[in-house]
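Read the structure below first, then the notes.
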Amino acid sequence: MINKTYIEPSSLKGMIAKRKLFIWGARHDGYAASHVLKRIGIEQTGFIDSSLSLQGTQAFGYPILLPDDFFDRFSNSNAFILIASGFYIDEISKICREHSFRKINDFLIFGELRNFNYQVDVSGICNLKCISCPRGNYSDHRSPGFMSPQTYEKLILKILKDDPYTGIISLYNWGEPLLNKKLPEIVRLTNQYSLLSAISTNLSLKMDFEAVIAAKPTWFRISNSGWGKNYEITHTGAKWDVFYDNLFKLKKYREKHHPEMIIELFFHIYNHNQDDYIKIKKLCDLLGFTIRYRHAALAPLDNIEKIRDHTPVNAAVDQTRKLQVLKVEEAIKLAESPEEIIRPCYYEDHLWINWDLHVAQCMEWYRPGLNLVEKDFLSVSQEDLIRARNNNDFCKKCKEKGIHRVYCIYGDEKIISLKGSLRDHL
Ligand SMILES: C[S@@+](CC[C@H](N)C(=O)[O-])C[C@H]1O[C@@H](n2cnc3c(N)ncnc32)[C@H](O)[C@@H]1O
Ligand code: SF4
């Protein structure tokens with residue numbers, strides 16, 4: 001449900017008054033919030049994040065505090081919190097209230113200031129066929145192609161008009177963004193309009209990508225699922241040597257063009273790569289990249305629904321299921337539990353805009369033709385998008401089945417520690 005609290009930037013300054021401002025969430029959403037605050041002239045003191053892998057690190061030069069550390073040092077008399085952590089808004093709001101922070105007076109939810117998060121798939125093609133991804137496990141696809149910088153600029157202008165608190169644009173969803181030869185221009189345009197950009201790439205390409213780094217994207221994620229031959233199983237079609245060399249190129253290009261760029265390697269945990277984590281972690285330390293991890297999921301949600309409803313699936317899906325540490329059935333059971341199923345949907349305020357400007361029903365469902373609205377993004381009004389999302393029968397069914405929470409379960413670091421999925425490597 002899109003349920004917004006628009007607050008004029010000048011009123012927001014008054015509400016914070018002389019207190020120190022902390023953003024809860026030191027990832028994507030948090031980066032966006034940080035940038036918007038800078039744009040509207042509000043000073044930030046730091047981030048709060050419960051992820052152990054981020055402790056001791058900084059984002060944009062601001063320290064990242066564990067929640068306990070924060071509450072030991074600050075109260076609602078000297079601090080104000082802006083929650084920008086997608087998956088766990090309700091849980092974080094509860095913790096804030098337990099520490100006497102009141103909604104609106106002492107904390108706000110960044111996502112409620114803006115309407116949507118924009119996932120713009122600038123490339124409708126991928127070079128790999130990973131078995132956990134619809135590129136490798138789904139037979140029907142949307143038409144292939146790339147977004148042009150001209151179209152992208154029109155799209156940005158519309159977003160800024162419709163949704164002024166937008167801080168970041170993600171330039172990927174199911175495609176491989178580096179395949180779009182105009183990506184450097186697209187990144188430059190994003191910077192020109194004072195927006196941050198996020199790229200996620202398999203980095204398993206022979207083409208050179210120096211121009212992309214020279215264009216200065218804000219946040220650069222590399223997807224990985226192991227070392228050597230293990231990596232090649234679940235990054236199906238990729239070559240470890242190509243990937244490995246590219247990591248060193250990336251380090252070199254960052255130093256040369258854009259030392260502030262945030263690089264995050266995203267390690268997908270399977271049962272064949274659990275012991276690779278430590279090697280990949282050491283490599284990240286050597287390269288100066290942040291490492292993050294999550295249980296490897298099976299995508300897209302269309303496949304999750306098939307398994308839930310006992311509909312037959314194909315061989316690639318079955319192979320993924322065999323390699324998963326957190327099995328789909330287990331994730332579905334957790335997502336359907338009474339306390340989980342009632343939680344909000346993280347994806348409801350995300351829009352997947354395809355390279356051809358179609359607006360998909362949901363960024364995690366894949367089947368072609370499943371769109372939120374008939375009109376393309378440039379022709380549809382923001383009110384119609386909100387209306388389409390809020391009166392959405394497809395979302396209603398998805399939530400009734402608990403499917404909307406399955407990927408939050410896969411992303412939950414607490415479950416990773418509970419299951420010991422990274423053995424004793426943490
Ligand atoms: C489908 S990829 C497409 C973007 C790009 N081609 C890439 O590989 O990063 C989008 C995001 O999904 C994540 N992802 C891919 N396979 C996954 C899996 N099995 N489990 C969890 N996340 C996964 C990737 O790390 C990436 O950030
Ligand atoms: S289809 Fe499901 S996961 Fe997607 S936005 Fe709707 S409720 Fe959320």
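The values are calculated or read from the model by the stated rules, or taken from the named source; none is laboratory data. In this text the structure is predicted, and so the values were computed from the model without any measurement. Reconstructed Cβ throughout: ideal geometry from the backbone, glycine too, with neighbour counts over all protein chains shown.
Which of the following residues is in contact (Cβ under 8 Å) with a residue 40 or more places away in the chain and in the same structural domain as residue 156 (by TED's automatic domain parsing): 336, 374? If you could, list the steps in order and put the result at the bottom.
Details: 374 fails: in contact (Cβ under 8 Å) with a residue 40 or more places away in the chain.
Result of the check over 336, 374: 336.
Condition first: farther than 17 Å from residue 44 by Cβ and hydrophobic (A, V, I, L, M, F, W, C). Now tell me which residues in the range 63-77 satisfy that.
Answer for the range 63-77, where residues must be farther than 17 Å from residue 44 by Cβ and hydrophobic (A, V, I, L, M, F, W, C): 66, 71.
For the range 203-280, please list each of the helices (runs of 4 or more DSSP H) lying entirely inside it that holds at least 3 residues being closer than 20 Å to residue 322 by Cα and within 16 Å of ligand 1 (Cβ to nearest atom).
The helices (runs of 4 or more DSSP H) meeting that bar are 229-234.
Between residues in the range 298-309 that are under 17 Å from residue 334 (Cβ atoms) and residues that are among the hydroxyl-bearing types (Ser, Thr, Tyr) and away from ligand 2 (no atom under 13 Å from the Cβ), which pairs lie under 6 Å by C-beta distance while being six or more apart or on different chains?
From the range 298-309, the pairs are 298/132; 298/320.
Looking at residue 56, is it modelled with pLDDT under 95 and farther than 25 Å from residue 166 by Cβ?
Numbers: modelled with pLDDT under 95: yes; farther than 25 Å from residue 166 by Cβ: yes.
When the stated conditions are applied, residue 56 passes them.
For the range 344-388: of the residues being part of a helix (DSSP H, G or I) and either in contact with a Leu (Cβ under 7 Å, 6 or more places away or on another chain) or aliphatic (A, V, I, L, M) (or both), which is nearest to ligand 2 (Cβ to nearest atom)? Reasoning before the result, please.
To start, the set of residues in the range 344-388 that are part of a helix (DSSP H, G or I) comprises 346-349, 382-388.
Keeping just the survivors that are either in contact with a Leu (Cβ under 7 Å, 6 or more places away or on another chain) or aliphatic (A, V, I, L, M) (or both) gives 385-386, 388.
Details: 385: 12, 386: 13, 388: 11 Å.
Out of the qualifying residues, it is 388.
If residue 319 satisfies every condition in (1) part of a helix (DSSP H, G or I); (2) within 16 Å of ligand 1 (Cβ to nearest atom); (3) under 23 Å from the mean Cα position of the chain (by Cα) but one, which is the exception?
The number of the failed condition is (3).
Residue check: is residue 240 aromatic (Phe, Trp, Tyr) and modelled with pLDDT under 95? Lay out the reasoning, then the answer.
On the way: aromatic (Phe, Trp, Tyr): yes; modelled with pLDDT under 95: no.
No, not satisfied.
Which one is nearest to ligand 1 (Cβ to nearest atom), of the residues in the range 95-131 that are basic (Lys, Arg) and within 23 Å of the chain's Cα centre (by Cα)? Spell out how you get there, then give the answer.
Restricting attention to the range 95-131, the residues satisfying the condition of being basic (Lys, Arg) are 97, 102-103, 114, 129.
Checking which are within 23 Å of the chain's Cα centre (by Cα) leaves us with 114, 129.
Numbers: 114: 22, 129: 11 Å.
This residue is 129.
Go through the range 335-374 residue by residue and tally those that are exposed (fewer than 15 other Cβ atoms within 10 Å of the Cβ) and basic (Lys, Arg).
0
Taking the condition assigned to a helix (DSSP H, G or I) and within 30 Å of residue 398 (Cα to Cα), does residue 87 pass? Reasoning before the result, please.
Values: assigned to a helix (DSSP H, G or I): yes; within 30 Å of residue 398 (Cα to Cα): yes.
Judged against the criteria, residue 87 is a match.
Scan the range 65-85 for residues that are touching a residue at least 24 places away in the same chain (Cβ under 8 Å) and out of contact with any Gly (no Cβ under 7 Å at 6 or more places or on another chain) and jot them down. Explain how you work it out, then say what you get.
Step one: of the range 65-85, the residues touching a residue at least 24 places away in the same chain (Cβ under 8 Å) are 65, 67, 70-71, 74-85.
Listed by number, the residues that qualify are 67, 70, 71, 74, 75, 76, 77, 78, 79, 80, 81, 82.
Considering only the range 92-128, state which residues are assigned to a helix (DSSP H, G or I), of a type in the set (Gly, Ala, Ser) and touching a helix residue (DSSP H, G or I) at 6+ places or on another chain (Cβ under 9 Å).
Of the range 92-128, the ones assigned to a helix (DSSP H, G or I) are 92-98, 110-112.
Then drop every residue that is not of a type in the set (Gly, Ala, Ser), which leaves 93, 111.
The one that is assigned to a helix (DSSP H, G or I), of a type in the set (Gly, Ala, Ser) and touching a helix residue (DSSP H, G or I) at 6+ places or on another chain (Cβ under 9 Å): 111.
Could you please tell me which pairs satisfy a Cβ distance under 6 Å, a separation of 6+ or placement on different chains, a first residue in the range 380-403 that is farther than 26 Å from residue 159 by Cα, and a second residue that is within 11 Å of ligand 2 (Cβ to nearest atom) and of a type outside the set (Asp, Glu)?
Sorted first by the residue in the range 380-403, then by its partner, the pairs are 398/404; 402/335; 403/301; 403/304.
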